[in-house]
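Okay, structure first, notes after.
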Amino acid sequence: MTQRSGQPGWLVVNADDLGVSRGTTLGILKAHRDGIVTSASIAPAMPHYQFAVESCVRQCPDLGVGLHFTLTSGRPVCDVQRVPLLVDSGGRFRWRFTSLLGAVMSDSQPGLLDQVELEIEAQLDRLRQDGIVTDHVNGERHVQLIPGIFERVVAAARRFGVPYVRAGRDIGPRLLRARDLLPLGVSGGYAKWGLLSGLTAVARNHLKGVASADCIASYLFTGMTGTFLPMLLSSPPLPGVTEVMVHPAMPEEDRELSLGNAEVERYVRSTDRRLELDACQSARHDTGDWKLTTFGRLARPGGA
C-alpha cells in the first residue's frame with residue numbers, strides 16, 4: 001500500500017478516544033463534519049461506547065472506524081472471570097502503560113499475554129456484533145506497541161479481517177522548530193517520542209498479514225496539534241500513507257467522569273482537547289496537496 005517515491009501521499013486524520021466520554025465523542029463528531037478528521041478509533045471498554053455508536057458511527061457513513069484497544073482504563077469487554085490478571089478488585093483495568101510494559105517484558109505474570117489476547121478478541125467482537133466494519137486497530141495509551149502485545153494484536157486483526165494496525169514511524173522531528181524545543185521539553189514530548197519510536201521499530205518487524213501507515217504525526221507533538229498540523233499540511237506530501245493522530249473533544253461536556261484512571265480523566269477534561277478540535281476545524285480548507293482518505297478505502301483493491 002506504499003505509494004511510489006515522488007507521488008503525493010495519502011493522509012488519514014484519525015481521532016482517538018471515540019466513546020471514552022461524551023465530550024470526546026461530540027468533539028470527534030464535529031471534527032469530522034466541520035473539520036479534517038476522516039477516521040476515528042472507538043473504545044468498547046469505555047462507558048460512552050454505545051453513545052458513540054448511535055450518535056457518531058451510525059450518523060457518519062464516510063467516517064472510517066477502528067478499534068481503540070483499551071487495557072488501562074474502563075472495564076473489560078471479556079468476562080472478568082476469564083481475565084483476572086487484567087483487573088483490580090472492582091473489575092476495572094488495573095494496569096498503566098509503564099507497569100504493563102514492565103510486567104510483559106519481565107514475564108512476571110504468567111498467562112498475562114493470553115488474557116490480553118482474550119480481551120483484544122472480545123473488543124473486536126463487540127464491534128463486529130454492533131455491525132461496525134473495523135478498518136484499523138490502535139491502542140489507548142499506545143499499549144498495542146508493547147512487545148508481545150503487538151504480536152497478539154496483529155494476530156487478532158488478521159482473524160477479524162482488520163487491514164491496518166498502528167505502527168507508523170513518527171515524523172515529528174522533521175517538523176521541529178527552535179521555538180518548540182522548550183515546550184516539548186516541559187511536556188515530556190522527547191521522552192515519549194524516544195520510547196514509542198523504539199517500540200515502533202521493533203513492532204514493524206512483526207507486521208505479518210496486516211499493514212500500517214508508513215508514518216505517523218505525531219508522538220513528539222502530542223497535545224500540540226495546532227502547532228504541527230499546519231506545518232504538516234503546508235509541507236510536500238510524503239510518499240505512502242501518513243496517519244495524523246488527533247484527540248479533539250469538548251471538555252466542557254465531561255464535568256463528571258469515572259474511568260478508573262485519574263490520568264485519563266484529567267487528559268479528557270484538559271482544555272488542550274478543545275484546542276485540538278479548533279485545529280482540526282481550522283485545517284478543513286487548507287490541506288495542501290495531501291489526499292485525505294481512510295484505512296478502509298486504502299485497503300480496497302486499487303487503493304483509496
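The values are calculated or read from the model by the stated rules, or taken from the named source; none is laboratory data. The structure displayed is predicted, hence computed values, not measured ones. The area values use the complete protein model at the heavy-atom level, side chains included, leaving out ligands, DNA and RNA. Shrake-Rupley method; radii C 1.70, N 1.55, O 1.52, S 1.80 Å.
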Check your understanding: Carbon and sulfur atoms: what percent of the 1.4 Å accessible area of segment 137-252 do they account for?
Key -> 61 percent
Practice item. Before anything else, pin down the relative contact order of the chain: Cα pairs under 8 Å, at least 6 apart, normalised by residue count, whole percent. Key: 29 percent
Check your understanding: Per residue, how much accessible area does the chain show when a 1.4 Å probe rolls over the protein heavy atoms, in square angstrom?
Key -> 41 Å²
Check your understanding: How long are the three semi-axes of the equivalent ellipsoid for segment 1-96, computed from the Cα gyration tensor as the root of 5 times each eigenvalue, in whole Å, largest first?
Key -> 30, 18, 10
Point to revise | Fraction of accessible area attributable to carbon and sulfur, segment 1-121 (%, probe 1.4 Å) | key: 48 percent
Check your understanding: Got a number for the accessible area of residue 215? Probe 1.4 Å, square angstrom, nearest 10.
Key -> 20 Å²
Study note, to complete from the structure: Rounded to the nearest 10 Å², the 1.4 Å probe accessible area of residue 291 is 80 Å²
